[in-house]
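Engineer: Mind having a look at this structure? Questions to follow.
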Amino acid sequence: MSLQVTNLRVYYRTLAGDVRALDGVTFGVADGEIMGLAGESGCGKSTLGNSLVRFDPRMRYIEGRVELEGLELPIWDNAAMNDFRFKEVSIVPQYAMSALNPTRKIGRMTAELVAARGIPPETIVPELERRLDLVGLSRDVLDRYPIELSGGMKQRMVMVLSTILNPSLLIADEITSALDVSTQKAVAEMLVSFRDHGFVKSMIVITHDVSILYQIADTITVMYAGKLAEKAPTESIISAPRHPYTRLLISSLPEVGVRYAERRLAGIAGSPPLLLDPPAGCRFRDRCPVASEQCLQEPPFVEIEAGHFAACWKVA
Amino acid sequence: MRRYFGRKLLIYGLTFFIAATIDWMIPRFMPGNPVQSLLSRSHVAPDAVPALIAYYNNLFGLDRPIWEQYLSFWGALLSGDLGRSVYLTGRPVTDVIMSAVPYTLALLVPAILLSWWAGNSFGAMAARRRWLDNAALPIGYILTATPYMWLAIVLAWILGFIFRLFPISGGYSYALEPTLTWTFVGSLFSHWFLPFASLFLVMFGGWAIGMRNMIIYELDADYSRYLEALGAPTRLVRKYAFRNAVLPQITGLALQLGVIVSGALVTEIVFSYPGIGKLTLAAIQNEDYFLLQGIFLFIIVGVLIANFLVDIAYVLVDPRTRVGMSGRSA
Amino acid sequence: MNDPERISSAVPVGAAAPDRAPIQPAAPAPAPRPGEPAAASGRAEAVGRRREILYFALRDRKVLVGLGILIVFVAAAVVGPLIRPGDPDAFVGPMAAAPSREWWFGTTTFGQDVFAQFVYGVGSTFLVGLFGGGLAALIGMTVGFVAGYRGGVVDEILNMLTNVVLVIPTLALLLIAAAYLTARGVLVEAVFIGLTSWPWAARAIRAQTFSLNTREFVDLARLTGVPSWRVIFGEIAPNMGSYLFMTFILLFGGAILIAATLDFIGLGPTSGSSLGMMMYNAVAWSALQLGMWWWFIPPGLGITAIVGALYVMNVGLDEIFNPRLRKM
């Protein structure tokens, strides 16, 4: 396992109390694995992504352990985490369009950032240029200001910059949501090629768009209301989902070649529980078509067949 | 970049045109014969009256068609003729103003530049240290809420009247003749210091608070968060934030110019400092409207030139204006 | 793109253009970003947010201090004239008396009661701020909304107008206009100030409107043929309510400072008293050289306290409306 997360619990401080955005999640990401992380907005998937890289000031570490390449990440300690950021764990943020300092030429900013991390900038230049070529950016972008680049160019630039030190783990947070469909596909394929070239060892791709994950992810993890619902190889999640929530989520997706006049898209009735004071037991209970008495107990997240995990009494 | 300056110059030209037209229109919209009514309301030295009436009748040319009056107004304006001062017995307004301008510039230019530099540095420092921030913030807000003339009065009272450290009236000692001697220069400086200090302090408070608030916004910007997510040291993040926070402060300088100039005018009045401000008060008290109109045009031109200088500074600092995109202040 | 027009930079410094301090309101709180805890949705969220704002407003030191000072001064302006009725400029006391139990703030060289002038002046200061700042806010909003919503040629023209008024020094314009008006009251002064101090607000509101323009609810309203004014007042304005309020506060403070300046050079109201005129008279009649501090300290202190309270309250509100600033 490249990444092993054990019982991670991270809350958001709010006025009304702690919001249990991440309430005890356990999973692993294998070497070379691209793990998709899907779920409705507010389910805690971005909180998970952020807690592996950098805590938002309002986030509060409760408990849990994160190991990357066998080393524990001190995620609760902002200063200590600095040694790991960029070099071991890196992020392509959802705000990639505005992630570059507007008043520095991109090359100079890159050099200053790398130098600040103790690496002589000239040593990375050949690799930087090679990777720019790979993503189809001309080398002279380094001599330009961010405002001179299009949105798609900035996105690719950020992807190259974030991975230039070959981190073990890359978090890609909603990176396709601001792009049009054709660019989405190109960006998604670029992520795969980064893994194939060994720029990053493994990857967590966070998105609410399962169809993107279908194209690139090796495994898909589905989150619901701060907890993991199901994790399985992409093919299983798409064709044979086990958790009732995953089933509804997958069946609500448009399918290529299907005429929707014939088959109405099924939304999921109801809304997720408030995470301020979530009910005991299975959190999907109130919306679940197959819920029963047993669901008042919290279902464990267990391996139901090789590589296929789910948290539901009905599938165990 | 050419487009940026072209646009700016167009606005400045338009502004000057409108301002001058307002200047021309106002006396003509007054009921009655403007020359008669202005002169009768003014405190004119009696021996100057006939000459002034002849001069202004010719200048206003009320018997001519209105467009001709307007054209000849522009003709006079462009040749630097702003009319004649009534209370100073017919001295050309341009001369009168020119003799006051050096004093006002001597106050304004150092006060603006130094307060901008010091305020921004201090504000950036305050954003970094909590205790400094807690101390700096209230002081900054009090300073920036202080009316210019009041701070001038208070400084004059404490440092001038109670402690007798500085003179509180005039541009130099009345006992001296303007000569290029150390005594005279020393006198100029000691008379200059208090008005300068009070202008400096009020502006300083504004810049410091502005920079402090701006830095906090910049530290919260996406590019700052990205740098932090990549483990950049605080030093680098702050350096970038400061650099970007300076840009709106430059635009702010342009926006503040009008207010700063009026601050200088009232400060001069408190200290009877012989610049444009004191002249303005004299013009108002003596109802010398020709002088007032001249001062009005003069201030406009001055502010427009200063605006243009700020624009040039902005282009030098913000790369985006140079690469053909419109900059922040566009 | 004018990302610059992000408010933080748009109204640069702030408080005002009219005014000096860089204290501008920040952009309206952004919609919750994906990934933030979805506490609730729809109405529940709006109620929660309102409650949250009230909660912080009642606990924010800056807001409380600012509001407290303002209340004291409003009370002084209301109650003061009842304690000392009659013409505040009347010659009622001994000449040049220092503050005493009988004359709280002392008297002027001519035996006028400084306290009576002060409370009267505080009243007219609030009037000028309210009407001058209010008129400026009204013009600024109208120009900003229309320019930002309509865009195109309308925007170009309004933008040009804004820029022209922006560079004309307000005082210079008032100098020439006020000098020709032989009878002036506080309201006339307020109108002048309102007509000249709106540009930075218009620019800031225009930028905000632009950014709201692209939101779905505005698009939807526009597509369904709702008239512009209803989109503006029904959809756009409510979404930047806090921002508009803060803009008004800054214009309020700015108008007070401009009025003080005008009064001080003798272009204020031709009848009645004001804090600026008190300072003018004190300087003109050599209160400085005579050491009559009670004549010139109160009026300036009053203006500083009122304007400072407005600014500080504004910063407090900014922190309340933009939760991310609270932690700093």
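The values are calculated or read from the model by the stated rules, or taken from the named source; none is laboratory data. What you see is a predicted model; the values in this text were computed from it and never measured. Here the Cβ positions follow ideal geometry from the backbone for every residue, glycine too, while neighbour counts run over all protein chains shown.
Engineer: Give the residues of region C:169-227 that are touching a Ser or Thr at 6+ places or on another chain (Cβ under 8 Å), outside any helix (DSSP H, G or I) and either basic (K, R) or over 28 Å from B:V303 (Cβ atoms) (or both), sorted by residue number.
Structural biologist: Answer for region C:169-227, where residues must be touching a Ser or Thr at 6+ places or on another chain (Cβ under 8 Å), outside any helix (DSSP H, G or I) and either basic (K, R) or over 28 Å from B:V303 (Cβ atoms) (or both): C:A183, C:R184, C:G185.
Engineer: Moving to a separate point now. Do the conditions hold for A:A306, that is, is it under 22 Å from A:K231 (Cα atoms) and in contact (Cβ under 8 Å) with a residue 60 or more places away in the chain?
Structural biologist: Spelling it out, it is not the case that A:A306 is under 22 Å from A:K231 (Cα atoms) and in contact (Cβ under 8 Å) with a residue 60 or more places away in the chain.
Engineer: Is it true that B:P147 is within 30 Å of B:I299 (Cα to Cα), exposed (fewer than 15 other Cβ atoms within 10 Å of the Cβ) and in contact with a helix residue (DSSP H, G or I) (Cβ under 8 Å, 6 or more places away or on another chain)?
Structural biologist: No.
So that you can scan it fast, the table gives a plain yes or no per residue for (1) surrounded by 19 or more Cβ atoms within 10 Å (Cβ to Cβ); (2) modelled with pLDDT of 95 or more:
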{"position": "A:D143", "(1), (2)": "no, no"}
{"position": "A:R156", "(1), (2)": "yes, no"}
{"position": "A:V160", "(1), (2)": "yes, yes"}
{"position": "A:D173", "(1), (2)": "yes, no"}
{"position": "A:D180", "(1), (2)": "no, no"}
{"position": "A:T183", "(1), (2)": "no, no"}
{"position": "A:A188", "(1), (2)": "yes, no"}
{"position": "A:G198", "(1), (2)": "no, no"}
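Engineer: Okay, next question. Tell me, please, whether a residue that is in a helix (DSSP H, G or I) and under 30 Å from B:V301 (Cβ atoms) can be found in region C:107-129.
Structural biologist: Yes.
Engineer: Since A:N50 meets every condition but one in (1) surrounded by 18 or more Cβ atoms within 10 Å (Cβ to Cβ); (2) of a type in the set (S, T, N, Q); (3) within 14 Å of chain C (Cβ to nearest Cβ); (4) more than 25 Å from A:L274 (Cβ to Cβ), which condition does it not meet?
Structural biologist: (4)
Engineer: Now a separate question. Take the conditions among the polar types (S, T, N, Q) and buried (at least 21 other Cβ atoms within 10 Å of the Cβ) and apply them to A:S90. Does it pass?
Structural biologist: So A:S90 fits the description; yes.
Engineer: Within region B:294-305, take every residue that is surrounded by 24 or more Cβ atoms within 10 Å (Cβ to Cβ) and not aromatic (F, W, Y) and give me the one that is nearest to the other protein chains (Cβ to nearest Cβ). Talk me through it step by step, then tell me what you get.
Structural biologist: Filtering region B:294-305 down to residues surrounded by 24 or more Cβ atoms within 10 Å (Cβ to Cβ) leaves B:294-296, B:299-300.
Those still in the list that are not aromatic (F, W, Y) too: B:294-295, B:299-300.
Details: B:G294: 10, B:I295: 7, B:I299: 4, B:I300: 6 Å.
Per the stated criteria, the residue is B:I299.
Engineer: Pull up region B:1-21, narrow it to residues that are touching a residue at least 60 places away in the same chain (Cβ under 8 Å) and of a type in the set (G, A, S), then point me to the one that is surrounded by the most Cβ atoms within 10 Å (Cβ to Cβ).
Structural biologist: It comes out as B:A19.
Engineer: Looking at A:L249 and the list (1) modelled with pLDDT under 90; (2) over 18 Å from A:G39 (Cα atoms), which single condition is not satisfied?
Structural biologist: (2)
Engineer: Looking only at helices (runs of 4 or more DSSP H) that lie completely in region A:19-130, which have at least 3 residues being in contact with a helix residue (DSSP H, G or I) (Cβ under 9 Å, 6 or more places away or on another chain)?
Structural biologist: In region A:19-130, the matching helices (runs of 4 or more DSSP H) lie at A:106-116.
Engineer: Looking at region C:268-285 only, could you name the residues that are surrounded by fewer than 20 Cβ atoms within 10 Å (Cβ to Cβ) and more than 10 Å from every other protein chain (Cβ to nearest Cβ)?
Structural biologist: C:T270, C:S271, C:G272, C:W285
Engineer: Does B:L230 count as in contact (Cβ under 8 Å) with a residue 60 or more places away in the chain and away from chain C (no Cβ under 11 Å)?
Structural biologist: When the stated conditions are applied, B:L230 does not pass them.
Engineer: Quick one: which of A:F27, A:F84, A:F55 is of a type in the set (F, W, Y), within 21 Å of A:F199 (Cβ to Cβ) and either touching a strand residue (DSSP E or B) at 6+ places or on another chain (Cβ under 9 Å) or within 14 Å of chain C (Cβ to nearest Cβ) (or both)?
Structural biologist: Just one listed residue meets the conditions, A:F84.
Engineer: Considering only residues of region A:267-304 that are exposed (fewer than 11 other Cβ atoms within 10 Å of the Cβ) and under 26 Å from the mean Cα position of the chain (by Cα), which is modelled with the lowest pLDDT?
Structural biologist: The qualifying residue modelled with the lowest pLDDT is A:G267.
Engineer: Please work out which one of (1) within 10 Å of chain C (Cβ to nearest Cβ); (2) touching a strand residue (DSSP E or B) at 6+ places or on another chain (Cβ under 9 Å); (3) of a type outside the set (A, V, I, L, M) is the condition B:P248 fails and give its number.
Structural biologist: (2)
Engineer: Check C:A259, C:A221 and return the single one that is buried (at least 22 other Cβ atoms within 10 Å of the Cβ) and out of contact with any His (no Cβ under 9 Å at 6 or more places or on another chain).
Structural biologist: On inspection, the qualifying residue turns out to be C:A259.
Engineer: I would also like to ask the following. Taking only region B:159-209 into account, find how many residues are free of Cβ contacts under 8 Å to residues at least 12 places away in the same chain and either closer than 27 Å to B:A145 by Cβ or in a helix (DSSP H, G or I) (or both).
Structural biologist: Taking region B:159-209 as the starting set, the residues that turn out to be free of Cβ contacts under 8 Å to residues at least 12 places away in the same chain are B:161-165, B:174-183, B:185-186, B:189.
Subsequent filtering for residues that are either closer than 27 Å to B:A145 by Cβ or in a helix (DSSP H, G or I) (or both) retains B:161-163, B:165, B:182-183, B:185-186, B:189.
Counting residues in region B:159-209 that are free of Cβ contacts under 8 Å to residues at least 12 places away in the same chain and either closer than 27 Å to B:A145 by Cβ or in a helix (DSSP H, G or I) (or both) gives 9.
Engineer: Please go through (1) more than 7 Å from chain C (Cβ to nearest Cβ); (2) crowded, with 24+ Cβ neighbours inside 10 Å; (3) in contact (Cβ under 8 Å) with a residue 60 or more places away in the chain for B:A241 and return the number of the only condition it doesn't satisfy.
Structural biologist: Of everything listed in (1) more than 7 Å from chain C (Cβ to nearest Cβ); (2) crowded, with 24+ Cβ neighbours inside 10 Å; (3) in contact (Cβ under 8 Å) with a residue 60 or more places away in the chain, B:A241 misses just condition (3).
Engineer: Identify the residue in region A:110-132 that is closer than 20 Å to A:L149 by Cβ and at the interface with chain B (Cβ under 8 Å from one of its Cβ atoms) and, among all such residues, is surrounded by the fewest Cβ atoms within 10 Å (Cβ to Cβ).
Structural biologist: A:E112
Engineer: Here is a follow-up. List the helices (runs of 4 or more DSSP H) that sit entirely inside region C:232-328 and contain at least 3 residues that are within 30 Å of C:L212 (Cα to Cα).
Structural biologist: Because the criterion is at least 3 residues that are within 30 Å of C:L212 (Cα to Cα), the helices (runs of 4 or more DSSP H) in region C:232-328 that meet it are C:241-264, C:293-321.
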